[in-house]
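One structure is given here, and the rest of the page talks about it.
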Amino acid sequence: MCAIVGVINSKDAAKTAYYALFSMQHRGQESSGISSCDENGIIKTIKASGLVTEVFGKDSFEILKGDMAIGHNRYATAGTQSLLDAQPVAVNYALGSLSLVHNGNLVNKDSVRNELINEGAIFATNMDTENIVHLIARSHEEHLKDRIIAALKKIVGAYCLLIQSRHKIFAIRDRYGVRPLSLGRLKDGGYIVASETCAFDLVEAEFIRDVRPGEMITFERGKDEFVSEQIFDPDPRICAFEYIYFARPDSVIEGKSVYEARKRMGAALARKSKVEADFVIPVPDSGVAAALGYAKQSGLPFEAAIVRNHYVGRTFIEPSQEMRNLKVKLKLNPMSSVLKGKSVVVVDDSIVRGTTSKKIVDLLRHAGVSKIHFRVACPELKFPERYGIDTPSFDELISSKRSVEQVREYIGADTLEFLDIAELVGSLGDERRYSLVSFDGDYFIK
Ligand code: 5GP
Ligand code: MG
């Protein structure tokens, strides 16, 4: 998972990219980077490990000059060297310089990489993104656009890409449109492309439309009109997990508000199981919208009984045996004054490994809750995602080999219920297909 942004024909493009990345910090906290391009076609890149505010300072924008920029926030994945794998990837090749950012995951990355290595290519990173750069550089097409298309014909996977050359930015979404990508207009007439529309709100851009699955949009310096081409046949399968957990609630994906979708998921949960309880509480922040939807549908009161500390960041404190709840407690504190002796419905967006949920149940018991009805606003996660979300392997996914009853026993709740796939799709709107791999194992990109 990652965030990407591109800005063109706008004064101080890198600063706008910075604010956009700041608003999309939730999509990746591992590293951040911006690559700008000035009127002379000089591309400069700054990238480092850390949060957006840690990577860029005032002097960054003395370096990142120009009316074009692309940027990236990288999501933490296990076991890779974070700085090496930071984006944008900036290179020099036969046609000059370019830089590139990617959100998604290429499923044939190993075979493409091995083929390239056999032909003599040298790789500097662990990223699948580097495959695309090599394929572009090795293509014999005369124009960059044709080289990009030739490269994309060789890769299989989910991707949103922004490619910046000396005078152009290309925005591309794979034919399934698994990851979101939206187009907006800035007040000074420039364009912005970003993973989520919450970025447009911050930089006061006007939403134009989503980039279409299979579409390539070419923006050119100094040109008011952009060129749209359908380079692959569209077969839309937007990732349901964007609506469930990943995207910010104030974003709109493919015309649907993430917040409203979450409320509908919560309402669907309330319809399927009527329980007696004193009130509904969310696991903040990701469970809030679903819990509101649940409360409204069930008629039960809503209490914000678990308080979240927003300043946790990365803590290196390892809890000792006696304080095994410390890690969760640093972040979440249930108020026993509200909870003592009560029967509660706890709503969260998802259960992945089950470790957080188990600790939350522990903390609630400790706070004196008498009955815990745990409700999860998505179906059981049974399969690793593979199209850009770093969900763990089969072994780590608690629902992959356990029944609902076994998961209930593991987390220690009195009752446990998930949405089923049909209820999820009903909440999202069944007029289109979604990527539901985590739930149904239908790996439609092979
Ligand atoms: P678990 O109980 O499975 O350990 O944790 C469930 C919590 O993890 C939920 O509150 C959910 O919001 C959160 N979550 C779901 N998907 C992801 C993800 O991809 N990354 C992170 N960091 N948290 C996630
Ligand atoms: Mg959460």
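The values are calculated or read from the model by the stated rules, or taken from the named source; none is laboratory data. The structure presented is a predicted model; accordingly, all values stated were derived computationally and were not measured. Virtual Cβ from ideal backbone geometry, glycine too; neighbours counted across all protein chains shown.
Pro249 satisfies every condition listed in (1) assigned to a helix (DSSP H, G or I); (2) touching a helix residue (DSSP H, G or I) at 6+ places or on another chain (Cβ under 6 Å); (3) within 16 Å of ligand 2 (Cβ to nearest atom) except (1).
For first residues located in segment 137-149 and at positive phi, partners that are part of a loop (DSSP other than H, G, I, E, B) and lie 6+ apart or on another chain with Cβ distances below 6 Å do not occur. Just one of the numbered conditions (1) in contact with a Leu (Cβ under 9 Å, 6 or more places away or on another chain); (2) of a type outside the set (Gly, Ala, Ser); (3) modelled with pLDDT of 95 or more is not true of Lys272: (3). Within the set Asn105, Asn131, Asn73, the sole residue that is in contact with a Lys or Arg (Cβ under 7 Å, 6 or more places away or on another chain), of a type outside the set (Lys, Arg) and not in a strand (DSSP E or B) turns out to be Asn131.
Every residue, every condition in (1) surrounded by fewer than 18 Cβ atoms within 10 Å (Cβ to Cβ); (2) free of Cβ contacts under 8 Å to residues at least 24 places away in the same chain, yes or no:
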| site | (1), (2) |
| --- | --- |
| Arg262 | no, no |
| Leu269 | no, no |
| Lys274 | yes, no |
| Asp285 | yes, yes |
| Gly293 | no, no |
| Gly299 | yes, yes |
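One line per residue, one yes/no per condition, for (1) in contact with a Cys (Cβ under 7 Å, 6 or more places away or on another chain); (2) of a type in the set (D, E, K, R); (3) modelled with pLDDT under 90:
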position: Phe61; (1), (2), (3): no, no, no
position: Asp67; (1), (2), (3): no, yes, no
position: Gly71; (1), (2), (3): no, no, no
position: Arg74; (1), (2), (3): yes, yes, no
position: Thr77; (1), (2), (3): no, no, yes
position: Val91; (1), (2), (3): no, no, no
position: Leu95; (1), (2), (3): no, no, no
position: Gly104; (1), (2), (3): yes, no, no
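Is it the case that Val107 is within 24 Å of Arg221 (Cβ to Cβ), among the hydrophobic types (A, V, I, L, M, F, W, C) and in contact with a strand residue (DSSP E or B) (Cβ under 6 Å, 6 or more places away or on another chain)? If you could, list the steps in order and put the result at the bottom.
Values: within 24 Å of Arg221 (Cβ to Cβ): no; among the hydrophobic types (A, V, I, L, M, F, W, C): yes; in contact with a strand residue (DSSP E or B) (Cβ under 6 Å, 6 or more places away or on another chain): yes.
Spelling it out, it is not the case that Val107 is within 24 Å of Arg221 (Cβ to Cβ), among the hydrophobic types (A, V, I, L, M, F, W, C) and in contact with a strand residue (DSSP E or B) (Cβ under 6 Å, 6 or more places away or on another chain).
Which ranges mark the helices (runs of 4 or more DSSP H) fully within segment 318-395 that have 2 or more residues being at pLDDT 95 or above? Even if it seems obvious, please write down each step before you answer.
On the way: elements: 326-331, 336-339, 355-366.
Counting at least 2 such residues, we get 336-339, 355-366.
Gly177 - would you say it is in contact (Cβ under 8 Å) with a residue 12 or more places away in the chain and at positive phi?
Details: in contact (Cβ under 8 Å) with a residue 12 or more places away in the chain: yes; at positive phi: yes.
In short, yes.
Kindly evaluate Thr45 against the criterion of being among the hydroxyl-bearing types (Ser, Thr, Tyr) and over 20 Å from Tyr191 (Cβ atoms). Considered against the rule, which asks whether it is among the hydroxyl-bearing types (Ser, Thr, Tyr) and over 20 Å from Tyr191 (Cβ atoms), Thr45 comes out as yes.
When the residues of segment 11-54 are filtered to those that are crowded, with 24+ Cβ neighbours inside 10 Å and assigned to a loop (DSSP other than H, G, I, E, B), which remaining residue is modelled with the highest pLDDT? Applying the filter and picking the extreme gives Met24.
If we scan segment 227-241, do we find a residue that is part of a helix (DSSP H, G or I) and closer than 19 Å to Gly104 by Cα? If you could, list the steps in order and put the result at the bottom.
Taking segment 227-241 and keeping what is part of a helix (DSSP H, G or I), we get 240-241.
Still in the running and closer than 19 Å to Gly104 by Cα: 240-241.
Yes: one or more hits.
Do you know which residues across segment 396-406 are in a loop (DSSP other than H, G, I, E, B) and of a type in the set (Asp, Glu)? First the steps, then the outcome.
Our first condition is that a residue be in a loop (DSSP other than H, G, I, E, B); within segment 396-406, this holds for 396-403.
Glu396 - this is the single residue of segment 396-406 that is in a loop (DSSP other than H, G, I, E, B) and of a type in the set (Asp, Glu).
Considering only segment 328-371, state which residues are more than 16 Å from ligand 1 (Cβ to nearest atom), hydroxyl-bearing (Ser, Thr, Tyr) and touching a residue at least 12 places away in the same chain (Cβ under 8 Å). Listed by number, the residues that qualify are Ser336, Ser343, Ser370.
Asp285 falls short on exactly one of the conditions (1) out of contact with any strand residue (DSSP E or B) (no Cβ under 9 Å at 6 or more places or on another chain); (2) at pLDDT below 95, and that condition is (1). Just one of the listed residues (Thr197, Thr218) is of a type in the set (S, T, N, Q), more than 16 Å from ligand 2 (Cβ to nearest atom), in contact with a helix residue (DSSP H, G or I) (Cβ under 8 Å, 6 or more places away or on another chain) and farther than 19 Å from Ala158 by Cβ, and it is Thr218.
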